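I have placed the structure first, in the form of structure tokens, so that the comments after it can refer back to it.
The values are calculated or read from the model by the stated rules, or taken from the named source; none is laboratory data. Being a predicted model, the structure only gives us computed values, none of them experimental. With ideal geometry, Cβ positions are generated from the backbone for all residues, glycine too; neighbour counts draw on all protein chains shown. Accessible surface is based on the protein model in full, side chains and every heavy atom, while ligands, DNA and RNA are left aside. Shrake-Rupley method; radii C 1.70, N 1.55, O 1.52, S 1.80 Å.
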Amino acid sequence: MSKKVLVAMSGGVDSSVAAYKMLEKGYDVIGVTLKLFDGPTKFIEDAKNVAEKLGIKWYLADYSSYFKEVISYFINSYRKGETPNPCAFCNKNAKFVYLFNEMQKNNAEMIVTGHYAKVVEKDGLKYIGKAKNLKKDQSYYLALLDEFQVSLLYFPHGDVESKDEVRELANKIGLKVASKKDSQEVCFLCGKDYREFLKERIDSKRFKKGYLIYNGKKMRQHEGIEFFTIGQRRGLGLNYHEPLYVTNIDAKSGNIYLAKKDDVFKRGVKLRNVNIVNDRKRIFRAKAKIRYRMEEADCMVEILPENKAIILFDEPQFAPTKGQMVAIYQDDLVLGGGFIHDVF
């Protein structure tokens, strides 16, 4: 009897081809599409059509009542003057939890997704590894998954050299999603700017208003700290003779402090909710990055009690921000990650 695998099908080309690849390997493939929020349903139709084309079992699992936790986290982070990372938070606390539930219901042995990443075993431990296609690599967003979660995963696109290769295969087997555009934004924003999303969900009277302050001088009043992030330069509404950047957001007073670019660079961050592979020494050398679209930077990591850590970068980094997720690497392996709760 073939081994059962659960494939998370989002209706996009990556997860669709992932399901096909597992079918070609001889697995008993079960497709599941997670409904996480009320919004456009085209992705559900696309996933269902792909499953019918491949001749695999497929169903919809509605987790929208649980997913509200992710949306609340997103909104509350901005309310606290932090910058959320909803994709990393969701992968750890929502999406892969839901998929594990569905895997158990189906007596499947593995969870398969269309992520560009790898699962690598080294010295008896399972790690998330970088994809061969570094331009599409999504290991950063998976850094908070613990070793048990990682041990259940498989990513068929880990060794794919380019996205074109995936699209060509989708065309070859006649999948209508072959030319479907990649999703570029946070899923539940549905293409909206995050500020517009917040305005729809927070009473305008509740926005935390204050002043933009530079060198102790109030430059102008702003409409709410929720609309600003650390490192922001554009959209400040100032007519100043040189660029100014947001360097600090005070959630209590509502004041936002500005500085010149050099003052936005920081050497260190303190992390909370840290996930780390268990065989790490208390202090070790590594590389880390605070945003998806950046190169890892050399650093020293110190693991602390209560799932905390300190990272000291060799060179100052631009605008590390409370709430952001830091992914920690050695070579092409993810050692773990955590959320920034302080900067120095």
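With R₀ set to 51 Å, the beta-carbon distance separating Ser183 from Ile283 gives a calculated FRET efficiency near 0.85. Taken per residue, the accessible surface of the chain reaches 50 Å², heavy atoms only and a 1.4 Å probe. Per-residue extension of 0.36 nm, minus the Cα-Cα distance of Glu168 and His341, leaves a gain of 57.9 nm for this segment. Working note: Karplus 6.51/-1.76/1.60 with θ = phi - 60° gives the range 100-110 the couplings 5, 4, 6, 4, 5, 4, 9, 6, 7, 9, 7 Hz, where Gly and Pro are set to x. Computed from the C-beta positions of Arg201 and Leu238, the FRET efficiency with R₀ = 25 Å rounds to 0.35.
With each label modelled as a point 7 angstrom along the Cα→C-beta vector, the Arg220-Leu60 pair spans 4.5 nm.
The trypsin sites (Lys or Arg not before Pro) of the range 108-152 that DSSP puts in a loop, and whose beta carbon has at most 10 other beta carbons within 10 Å, are Lys135. Reported to the nearest whole Å, the Cα centre-to-centre distance from the range 273-344 to the range 92-133 is 22. Across the accessible surface of the chain, with the other protein chains kept in place and a 1.4 Å probe, carbon and sulfur atoms take up 46 percent.
Taking the average, over residues, of other Cβ atoms within 10 Å as the packing measure, peptides 189-198, 206-215, 320-329 rank 320-329, 206-215, 189-198 from highest down.
Beta bridges from DSSP with both residues in the chain: antiparallel share about 70 percent, rounded to the nearest 5. Mean sequence separation of contacting Cα pairs (under 8 Å, at least six apart), scaled by the length of the chain, corresponds to a relative contact order of 16 percent. Helix content alone sets the calculated 222 nm mean residue ellipticity of the chain: runs of n ≥ 4 DSSP H residues at -39500 (n - 2.57) each, divided across all residues, give -6500 deg cm²/dmol. In percent, rounded to a whole number, the relative contact order of the range 207-259 is 40, using alpha-carbon pairs under 8 Å and six or more apart. Relative to the current alpha-carbon distance between Phe37 and Lys192, full extension at 0.36 nm per residue lengthens the span by 54.3 nm. Overall, the range 1-64 carries a charge dipole of about 240 debye about its Cα centre when +1 sits on the Cβ of Lys and Arg and -1 on the Cβ of Asp and Glu, all other atoms neutral. Around the Cα centre of the chain, unit charges on the Cβ atoms of Lys, Arg, Asp and Glu (plus for the first two, minus for the last two) sum to a dipole of about 960 debye. With every protein chain in place and a 1.4 angstrom probe, the accessible-area ranking of Thr33, Thr83, largest first, reads Thr83, Thr33. With contacts defined as alpha carbon pairs under 8 Å and 6 or more residues apart, what's the relative contact order of the range 1-41 in percent? Computed value for the range 1-41: 48 percent relative contact order.
Highest mean packing comes first when the peptides 158-169, 9-20 are listed by Cβ atoms within 10 Å, giving 9-20, 158-169. Modelled this way, with points 7 Å down the Cα-to-C-beta line, the labels at Gln104 and Glu306 are 3.0 nm from one another. Taking the Cα centre of the range 265-343 as reference, the dipole from Cβ charges on Lys and Arg (+1) and Asp and Glu (-1) amounts to some 300 debye. In this structure Lys281 has an accessible area near 150 Å², from a 1.4 Å probe over the protein heavy atoms.
Using a simple spin-label model with pseudo-atoms 7 Å out from Cα toward Cβ, Lys25 and Lys53 lie 2.1 nm apart.
Projecting the Cα atoms of Phe188, Leu212, Met294 onto the charge dipole of the range 182-306, computed from C-beta unit charges around the Cα centre, puts Leu212 farthest toward the positive end. Just going by the charge dipole of the range 258-341, with Lys and Arg at +1 and Asp and Glu at -1 on Cβ, which of Gly323, Ile303, Val277 is farthest out on the positive end? Result: Gly323.
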